[in-house]
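Beneath this line is the structure, given in structure tokens, with notes to follow.
Computed from the coordinates by the stated procedures, all read-outs in this text should not be read as laboratory data. This is a predicted model, so every value here is computed, not measured. All Cβ positions, glycine included, derive from the backbone under ideal geometry; neighbour counts span all protein chains shown.
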Amino acid sequence: MGLRLGYNTNGLAHHRLEDALRLLAELGYDGCALTLDHHHLDPFAPDLPARVDRVGRLAGDLGLGLVVETGARFLLDPRRKHEPTLVSAEADGRRRRVDFLLLAVGIARDLGAEAVSLWSGALPAGASPDRAWDPMLEGLATVAAGAEARGVALGLEPEPGMLVEDVDDYLRARAAVGSPALRMTLDLGHCILTEEGAPEDVVRRVGSELVNVHAEDMRRPRHEHLAFGEGEMSYEPIMGALREIRYDGLVNVELSRDSHRGPDVARSALEHLRAAEAAATKEGAGARAR
């Protein structure tokens, strides 16, 4: 059985959600990373339960697995991208983020989604990283408790420039929170910016922690998600490592700045990753035969 590939709806922002799901199924994707946003399953819509039911049924009919993503840019604040976060200076802002994440957990449960993906947030200008950890962990623990009670897995994503920036930061947060619901989202492109080893080595290091994986191309030193072939990453060894650890979650392509050419990019991304996986499988079979 091959790796399960999905596509993030933040890269299909000009599509109706139902159309996006149908497109992904037609292309041959196995799943979808559904970014909750005002135009894609708005979590604050008055008819949210009916919308969740409709989307869940459609995804099931199409055979698409789901991960709920919480990184919409202006969902909580129309003027400040990604704000508020778990590390915002204002306690009210942090509570708003926690409330939203708990809402996302409930949506994920009702959708039958495999995980909710989240990140810590970037520190406000001049803020102390040391002082930010305690309130961040407090909020994260509250969300993890809610996820655990609802039987939903969380995938905390290390993100360049955020308080939880790399694998070591994730492991620190995981140990401090101590909830079995708290696991990891690994963005493969981030690995070349924040980790010492190659992405495939990072995959092997954290394999038992993974509930969600993001995939794209990237070129150092810029944190810019690129279509495959536009960066410096080689996906054959990465796909080989994911198969080696027997990862069975979704590998979700994340190209949020390519919505204007979404169908074409989604098609070529699927072809690229399937070709890389096929090459890795052939190489692995050859190695075993030698």
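Things worth noting here:
- Net charge of Cβ neighbours under 12 Å - reference L64; Lys, Arg +1; Asp, Glu -1: -2
- Theoretical gain in end-to-end length, A145 to L103 [0.36 nm per residue, Cα-Cα removed]: 13.8 nm
- Global geometry of region 1-47, whether rounded, prolate or oblate, following the gyration tensor of its Cα atoms and the 1.5 cut on a/c: prolate
- Compactness of region 171-227 is given as radius of gyration and Dmax, 12.4, 36 Å, from Cα positions.
- Taking only the C-alpha atoms of region 22-170, the Rg (one decimal) and the largest Cα-Cα distance, Dmax (whole number), read 15.8, 49 Å.
- Across region 202-207, rounded Karplus estimates of 3J(HN,Hα) from the backbone phi angles (6.51 cos²θ - 1.76 cosθ + 1.60, θ = phi - 60°) give 5, 4, 5, 5, 10, x Hz, Gly and Pro being marked x.
- 4 °C / 1.567 mPa s Stokes-Einstein diffusion coefficient of region 135-268, Kirkwood radius on C-alpha pairs, µm²/s: 83
- GluC sites (Glu not before Pro) lying in DSSP loop within region 148-235, provided at most 14 other Cβ fall within 10 Å: E196, E224, E230, E232
- Interchain or long-range residues, amide H under 5 Å from R183's placed H: L154, G155, L156
- Relative contact order (%) - criterion: Cα under 8 Å, at least six apart; region: region 1-153: 20
- Highest-MSF residue in the chain out of G112, G139, G63 [GNM, Cα springs under 10 Å]: G63
- Relative contact order (%) - the chain, alpha-carbon pairs under 8 angstrom, separation at least six: 19
- Along region 250-259 the Karplus relation, 6.51 cos²θ - 1.76 cosθ + 1.60 evaluated at θ = phi - 60°, assigns HN-Hα couplings of 7, 9, 9, 5, 10, 9, 5, 9, 10, 4 Hz to successive residues, with x for each Gly and Pro.
- Residues in region 92-98 carry Karplus couplings, in order, of 4, x, 4, 5, 4, 5, 4 Hz; the curve used is 6.51 cos²θ - 1.76 cosθ + 1.60 with θ = phi - 60°, and Gly or Pro positions show x.
- Separation of region 17-47 from region 219-251 is 23 Å, based on Cα centroids.
- Segment K282..F74, full-extension length gain: 70.5 nm, with 0.36 nm per residue of separation and the alpha-carbon distance subtracted.
- In the list [x] 18; [y] 32; [z] 23, the label attached to percent of Cα pairs over 33 Å apart as derived from the coordinates here is [x].
- Cleavage-rule hits (trypsin sites (Lys or Arg not before Pro)) in region 38-80: DSSP loop, at most 10 neighbouring Cβ within 10 angstrom: R79
- Candidates P180, V52, S128 compared by Cα position along the dipole of the chain: farthest toward the positive end lies V52, with charges placed on Cβ.
- Where a label projected 7 Å from the Cα of D61 along Cα→Cβ would reach, residues of region 1-33 with amide N under 20 Å: 15-33
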